[in-house]
Amino acid sequence: MSEQSRRPRRPAKPYRRPQKDPVRILAFEALRAVDERDAYANLVLPPLLRKAREQEGPEKFDGRDAALATELVYGTLRRQGTYDAIIAECVDRPLREVDPPVLDVLSLGVHQLLGTRIPSHAAVSASVELARVVLGDGRAKFVNAVLRKVAQDDLDGWIAKVAPPYDQDPEDHLAVVHSHPRWVVSALWDSLGGGRAGIEELLAADNERPEVTLVARPGRATTEELLGEEAAVAGRWSPYAVRLAEGGEPGAITAVREGRAGVQDEGSQLVALALANAPVEGPDAKWLDGCAGPGGKAALLAALAAERGAVLLASEKQPHRAGLVEKALHGNLGPYQVIAADGTRPPWRAGTFDRVLMDVPCTGLGALRRRPEARWRRRPEDLDNFGPLQRALLRTAIDSVRVGGVVGYATCSPHLAETRAVVQDVLKQRPDTELLDARPLLPGVPDLGDGPDVQLWPHVHGTDAMYLALIRRTG
């Protein structure tokens, strides 16, 4: 008998069940929903967090768990472009050949390694355990190998390796460094009018966590009431705005639960206020919100209209979104009406309204802080689909307002093809209109440009990148 055969065999290593981490499993489920169903994280995450909080067990899912899960999901989505470039350097195959669920686990791990203060060994260990639970032991080994490579350097070091030099390719450099598709970088740069500092500041602002901003609906709530809440501070520009410090929960506020206040970006509030305060010639009794879903601007307009004895008609094409508008307006102090109707084929007569807001469907490039996944979902060809609709809706708005009345054309995108190009194209065919200077109707707001239209910016105003043009019908 040989020496090797006489040597006793080592006992087999006992199988260890993977440890289930509810926070990371929840984050993985949210990323899969975004990827598989084209869902939005801000719609997917709240019900997942609610379900986790309701589950009983020895380790209760608490506020810190919810905060970590939220950071993992949003941080991973915001930095997806940068992380993809880093992962591509650490795998032996094209990134498109890595299974999407594996890529999601890797991205979550890379974010913990490079975008949080979680120690490297803990980030790798937790990600491998997640992989064992959701992918199996075989692919967990792959995850382990890749993340150990990533852990060999920090974010700045990796960016220096994977981003092309600015002098050689400015747009691709910024795309990798700030995690935006190249075409979005180019479009935003054009909208800003050039200069490296401005585009770097804007792209960086898109990757910051946005504040939660509330609106006190006039006649139903006051900013003083909302400021009495913990961690609440006054808004910057809107007289109805209150900001919540990080971690503030809107659903815990009585006025929000009762619908007397709502969650609404300050840029959105400013657009509604500017239209409401624009000078009209003649009566001021009938207002229209022609693309009202999901209802934030409509609720503010309805409250302002009620204070003046005016009536708001809120129209939304999609019935389920019209239901959201109805919910937002419920309890308004004055009369209003909500209908489901196509704004390009309106059921109302021409010249009916004194004020019309048309906040048109768009690419949403102005709200990338809140919907970071939109930057990866949108394509340049989307502009070809939105453009004709935006022009048709603006023409409807002008037809719907009476002579002497005012139209507000708004969009949550700074892309020139969705803003000035639309307004210029339509007004060239409408000699019965004139552009009003919108800047005086945003009192106290700095850096509004040369006018007469207004473009707000996250890095300048702390708002979504809302665009507004005010148009008076003259004949």
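The values are calculated or read from the model by the stated rules, or taken from the named source; none is laboratory data. Just so it is clear, the structure is predicted and the values come from calculations on it, not from any experiment. In this analysis, Cβ positions are derived from the backbone assuming ideal geometry, glycine residues included, and neighbour counts consider all displayed protein chains. Side chains included, ligands, DNA and RNA excluded: accessible areas come from the protein's heavy atoms. Shrake-Rupley method; radii C 1.70, N 1.55, O 1.52, S 1.80 Å.
Near the amide H of residue 243, within less than 5 Å, lie the amide hydrogens of 214, 233, 234, 235, all on another chain or at least 5 residues away, with H placed in the peptide plane. Taking the accessible area of the chain, probe 1.4 Å, and keeping the other protein chains in place, the carbon and sulfur fraction comes to 50%.
Within the set of other residues whose C-beta is less than 13 Å from the C-beta of residue 365, count the net charge using Lys and Arg as +1 and Asp and Glu as -1. Every neighbour counted, the sum reads +1.
With contacts taken as Cα pairs under 8 Å at a separation of at least 6 residues, the chain carries a relative contact order of 12 percent. Rounded to the nearest 10 degrees, the inclination of helix 22-37 to the longest alpha-carbon principal axis of the chain is 60 degrees.
Taking Cα atoms only, the orientation of helix 319-329 departs from the longest principal axis of the chain by about 70 degrees.
Just to confirm, what accessible area per residue do you get for region 109-261 at 1.4 Å probe, in whole Å²? Spell out each step's value before the answer.
Details: 7110 Å² over 153 residues.
In whole numbers, region 109-261 has 46 Å² accessible per residue.
Please give the calculated 222 nm ellipticity per residue for the chain, where each DSSP H segment of at least 4 residues contributes -39500 (n - 2.57) and the sum is spread over every residue; nearest 500 deg cm²/dmol?
Working: 21 runs with 225 residues, N = 475.
Value at 222 nm, helices only, nearest 500: -14000 deg cm²/dmol.
If we sort 275-281, 136-142 on the protection proxy, mean other Cβ atoms within 10 Å, highest first, what's the order? Walk me through the intermediate numbers first.
Values: 275-281: 17.7, 136-142: 14.4.
By packing density, highest mean first, the sequence is 275-281, 136-142.
Normalised by the number of residues in region 125-216, the average gap of Cα pairs under 8 Å and 6 or more apart makes the relative contact order 14 percent. Residue-wise HN-Hα couplings along region 149-154, as the Karplus relation 6.51 cos²θ - 1.76 cosθ + 1.60 with θ = phi - 60° gives them from phi, are 5, 4, 5, 6, 8, 9 Hz; Gly and Pro carry x. Remark on residue 357: its backbone amide H falls under 5 Å from those of 288, 289, 290, 408, a criterion applied only to residues 5 or more positions apart or on other chains, H modelled at 1.01 Å from N. Accessible surface area normalised per residue over region 351-460 is 37 Å², counting heavy atoms of protein chains with a 1.4 Å rolling probe. For semi-axes √(5λ) of the Cα gyration tensor in Å, the candidate list reads (i) 34, 26, 23; (ii) 55, 31, 23; (iii) 48, 26, 19; the entry that matches the value derived from this model is (iii). Quick one: Karplus J couplings for region 435-446, per residue in order, coefficients 6.51, -1.76, 1.60, θ = phi - 60°, nearest Hz, x for Gly and Pro? These are the phi-based 3J(HN,Hα) values: 7, 9, 7, 7, 4, x, 8, 10, x, x, 7, x Hz.
For residue 436, the amide hydrogen comes within under 5 Å of the amide hydrogens of 470, 471, 472, counting only partners 5 or more places away or on other chains and with H modelled in the peptide plane.
Between the alpha-carbon centres of region 242-274 and region 369-411 there is a gap of 24 Å. Return the subset of 20/51; 286/327; 60/149; 60/141; 20/149 for which the Cα-Cα distance in this structure is over 26 Å, preserving the input order. With Cα atoms farther than 26 Å apart: 60/149; 60/141.
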